[in-house]
1. Under a Cβ-Cβ cut-off of 13 Å, what is the net charge of the residues other than R299 that fall near it, where Lys and Arg count +1 and Asp and Glu count -1?
2. Which distance in nm do the two modelled labels at E335 and R58 give, with both placed 7 Å along the Cα-to-Cβ direction?
3. What is the set of long-range amide H partners of V209 at a cut-off below 5 Å, with H atoms built 1.01 Å from backbone N?
4. Over the chain, with a Gaussian network built from C-alpha contacts below 10 Å, which listed residue (A267, A65, A215) shows the highest mean-square fluctuation?
5. Contour minus end-to-end for A85 and I103, with contour as 0.36 nm per residue of separation and end-to-end as the Cα-Cα distance?
6. Which residues' amide hydrogens lie under 5 Å from the amide hydrogen of L63, considering only partners 5 or more residues apart or on another chain, with H built in the peptide plane?
7. Using θ = phi - 60° and the Karplus relation 6.51 cos²θ - 1.76 cosθ + 1.60, list the HN-Hα couplings for region 64-79 in order, rounded to whole Hz, with x at every Gly or Pro.
8. Please list, in order, the residues from region 211-236 whose amide nitrogen is less than 19 Å from a point placed 7 Å along the Cα→Cβ vector of K179.
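We did not get these values from a lab; they are worked out from the coordinates using the rules stated. Since this is a predicted model, take the numbers as computed values, not measurements. Cβ coordinates were reconstructed from backbone atoms using ideal geometry, including for glycine residues, and neighbour counts include every protein chain displayed.
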Amino acid sequence: MKLSGRGHGVLRSRSPIVSDPIGQNLGDTMKSLLSCFFVASGLTLAAGSAAAESFPDRPLKILSAFPAGGSTDIIARTLAAKLQASTGQPVVVENRVGATGSIAVQGVTSAAADGYTMLFHTSALIITPWLSKVPYDPLRDLIPLTRPAMAAYVFVVRPTLPIKNLKDFVDYAREHPGKLSCSTYGVGSPPHLALEMLKKAAGIDVLHVPYRGFAQALPDMASGQLDCGIDTQMNYQPHILSGAVRAVAITDSKPSKVFPQADPIGAVYPNAKVLAWQGMFVKAGTPADIVEKLGSELRKAIQMPDVQERMTSTGFEPVGDTPQEFAAVYRQDYEAFGNIIKERGIATQ
């Protein structure tokens with residue numbers, strides 16, 4: 001040590017380079033931990049890939065929220081048969097009906113997140129939570145696999161009205177605010193929400209009259225007590241063909257193959273497009289590679305000619321989108337339905 005600077009008493013020293021055993025040990029420890037992490041990650045990925053390769057190695061279940069024998073059940077069982085043939089494992093369809101579909105949903109969310117239990121539901125899955133308390137979160141608790149099929153609703157009027165198309169309907173409604181009455185099969189149903197979306201987009205006032213079904217609405221439409229209705233194309237098809245009602249619009253953005261004369265509402269009012277879809281899901285937390293494998297097998301089945309024929313015969317259009325594509329539609333529809341329900345103050349009680 002030297003005194004530098006005459007009379008200033010400034011002390012200068014050269015700092016020695018010393019080893020830091022603690023820092024060195026920490027560095028070594030971190031390197032070891034990182035090595036273990038990457039090894040563990042590799043083993044986990046390898047295990048996941050191996051699980052997907054061997055999946056499924058036991059029977060699969062599809063829980064349907066709807067009764068046996070209906071169009072939704074027919075498609076669920078058609079896909080189950082194809083999935084069984086492609087995987088070599090039994091695929092059982094169980095109809096878990098009740099509580100507006102919540103029983104079937106709970107059957108999936110309470111099962112293991114392993115892909116062996118799937119849900120078959122419709123767009124009602126993302127409407128019900130906006131109308132009543134349910135024991136699940138449709139966005140958080142489920143992973144979309146694919147939409148097997150979808151369909152637009154048809155908008156009909158009684159033939160005694162001077163309404164031939166969508167423009168006529170909107171013009172007539174504007175000239176007679178609050179005078180037209182329109183039926184659907186229930187408060188908060190997709191046709192009801194389609195009506196409310198059209199009313200909002202077109203700036204018209206039409207009275208919604210809920211019925212238990214289109215069959216109950218037809219006599220009132222024939223007598224002139226009811227002016228219009230929205231329901232499935234298959235339900236109204238024979239009555240449109242007979243001239244009992246007139247098809248003026250479809251709740252899609254493109255024309256209907258069944259009723260090409262009906263104007264696509266979505267082409268004029270994009271925010272009023274409503275499609276009824278059927279969807280398949282697994283529980284959240286299911287490994288991504290198993291989700292992809294199930295989605296791929298289902299898409300292959302949906303593309304088969306006999307499956308597509310079965311879907312079209314029940315009034316649906318085959319879809320077969322990817323999990324990612326369906327997830328985007330699923331969230332978009334959830335938000336759109338929620339917005340119109342809140343804006344219009346729609347409640348089932």
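1. On the way: positive: K82, R147, K293, K300; negative: E292, E297, D321, E325.
Net charge in that neighbourhood comes out at 0.
2. Here the answer is 4.0 nm between the modelled labels.
3. The answer is C182, S183, T184.
4. For the chain, modelled as a Gaussian network with Cα springs under 10 Å, the answer is A215.
5. Taking 0.36 nm per residue and subtracting the Cα distance, the gain is 3.7 nm.
6. Residues meeting the amide H criterion: E94, M118, L119, F120.
7. 9, 7, 10, x, 5, x, x, 4, 5, 5, 4, 5, 4, 6, 5, 5
8. Answer for this model: 221-229.
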